[in-house]
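The values are calculated or read from the model by the stated rules, or taken from the named source; none is laboratory data. Treat the numbers as computed from the prediction; the structure is a model and nothing was measured. Cβ sites come from the backbone with ideal geometry, for glycine too, and all protein chains shown count toward neighbours. To get the accessible areas, we keep the full protein, side chains included, count just its heavy atoms, and leave off ligands, DNA and RNA. Shrake-Rupley method; radii C 1.70, N 1.55, O 1.52, S 1.80 Å.
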Amino acid sequence: MHEKYMKEAVGLAKNGMGFVNPNPMVGAVIVKNGEIIGRGFHKKYGCLHAEREAFADCDSRGIDCTGADMYVTLEPCCHHGKTPPCTDAVIQHKIGHVYIGSSDPNPLVAGKGVKILREHGIEVTEGILKDECDELNEIFFHYITTGRPFVTMKYAMTMDGKIACYTGESKWITGEQSRMNVQYERLRHSAIMVGIGTVLADNPMLTCRLENGRNPIRIICDTHLRIPLDCNIVDTAKEVPTIIATASHDVRQLSTLDVLGCHIMQLDEINGHINLNQLITKLTKRKDIDKVDSILLEGGGELNWAMLNVGLVNKVQAYIAPKIFGGAGAKSAVSGRGVPAPSDAFMLTDTKVKHIGDDILIESRVKNVHGNN
């Protein structure tokens, strides 16, 4: 029965996807006498947290929460931020028992919320559907503990490992359902990153095409500032936040891109490419654009290799289509120099396999980090 109510809370939490970053997605359900009397979820960054939304749901209908149970996907906060502590609201509404999915790794909470509730005579049970609740906020957990964005490397390939034909044609490798799933990933991540090669080859928009969705911040890695001024990215830079990461000092081109709405991030050059570690560090400190807690890496083989090689990839998503392209010169998902021996491979762990239409999605976490350049 506890799992049933927590599943309801998890489902509610997902409604905040893409709108609460860099806060976590959280859902809450209030149960009394075996019936759900209140529901809530964190809708948008800066708005009420899930617990207070659930209480507002009850209060609006004059429902008394005294002695009720609350199921919440994440430990209630106990500090003042954009909103007051949720522990205060739980205490004020005289909840009898709180069931929690995930513990909050935020140092401002981290067990303190549970401690406060227990000190006020409220029973607390932790770990209900913990794995499911933890997965819900893998981005938040990484960002709050490291201060760096969670990077997901995503690519689509054929069963023979090709991301394009030998001609360069790549639309479409996967089916419509897989491509729609990618739109949800663009919503979930606060930024999307590609290399200049992708821009030159495909002239993409890199937006979220979901109805009422939220576009990710676009990050273009363009070492020598080759981006065309008439491409879709530059043309829409005033509508969609866009960062051009470059090592170029071409004053005229930089000035023009700035006027057209692009945010310029100048970086050092290493071996002919921008310093990716410096890029990530600068992203965490930037003040004039929304916080980047996560990046969906949709680059080509060279950028994928470079990000892996400096230890910046946390998760890999490989969409595999039941097709074969062939071609010795056809591109693969990760190119670059490659590792010299199988023992030097980037090892993956926590692998999950899903069927999406006719395609297969394989998701894994990167286990070991290679920091060599």
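Things to note:
- In this structure residue 143 has an accessible area near 40 Å², from a 1.4 Å probe over the protein heavy atoms.
- Solvent-accessible area assigned to carbon and sulfur over region 30-118 amounts to 52 percent, based on a 1.4 Å probe.
- Think of region 221-373 as having a plus end and a minus end, set by charges on the Cβ of Lys, Arg, Asp and Glu; of 297, 342, 228, 342 sits farthest toward the positive end of this dipole.
- Candidates 247, 313, 270 compared by Cα position along the dipole of region 241-315: farthest toward the positive end lies 313, with charges placed on Cβ.
- Taken about its Cα centre, the chain carries a charge dipole of about 320 debye when Lys and Arg each add +1 at the Cβ and Asp and Glu each add -1 at the Cβ.
- Charges were assigned to the Cβ only: +1 to each Lys and Arg, -1 to each Asp and Glu. The resulting dipole of region 1-136 about its Cα centre is roughly 340 debye.
- Stretch gain in nm, segment residue 83-residue 118, where the contour uses 0.36 nm per residue and the Cα spacing is subtracted: 10.4 nm
- Separation of the residue 266 and residue 226 label points, Cα + 7 Å toward Cβ, nm: 2.2
- Note on region 241-373: with neighbouring protein chains present and a 1.4 Å probe, carbon and sulfur make up 52 percent of its accessible heavy-atom surface.
- In this rough spin-label picture, where each label sits 7 Å from Cα along the Cβ direction, the residue 282-residue 169 distance is 3.9 nm.
- Mean separation of Cα contacts under 8 Å, 6 or more apart, over the residue count of the chain: relative contact order %: 15
- At the residue level, residue 282 shows approximately 80 square angstrom of accessible surface with a 1.4 angstrom probe and all protein chains present.
- Of all DSSP bridge pairs formed entirely within the chain, close to 40 percent run antiparallel.
- Euclidean distance of C-alpha centroids, region 1-80 and region 130-170, integer Å: 28
- Average accessible surface area per residue within the chain, 1.4 Å rolling probe, Å²: 47
- Shape box of region 146-226 [Cα atoms, principal axes, largest first, Å]: 39, 36, 26
- Across region 251-373, Cα pairs under 8 Å and at least six residues apart give a relative contact order of 24 percent.
- The modelled label-to-label distance between residue 209 and residue 255, using points 7 Å beyond Cα along the C-beta direction, is 3.9 nm.
- Heavy atoms of residue 31 accessible to a 1.4 Å probe, total area in Å² rounded to 10: 10
- With viscosity 1.002 mPa s and temperature 20 °C, the Kirkwood radius over alpha carbon pairs of region 263-363 converts through Stokes-Einstein to a diffusion coefficient of 131 µm²/s.
- Whole-number Å³ per residue for the convex hull built on Cα positions in region 21-73: 64
- The listed residues 102, 170 rank as 170, 102 when sorted by accessible area, largest first, using a 1.4 Å probe.
- Region 228-304: relative contact order in percent, alpha carbon pairs under 8 Å with at least 6 residues between: 24
- Alpha-carbon gyration tensor eigenvalues x 5, square-rooted, for region 122-166, Å: 37, 16, 5
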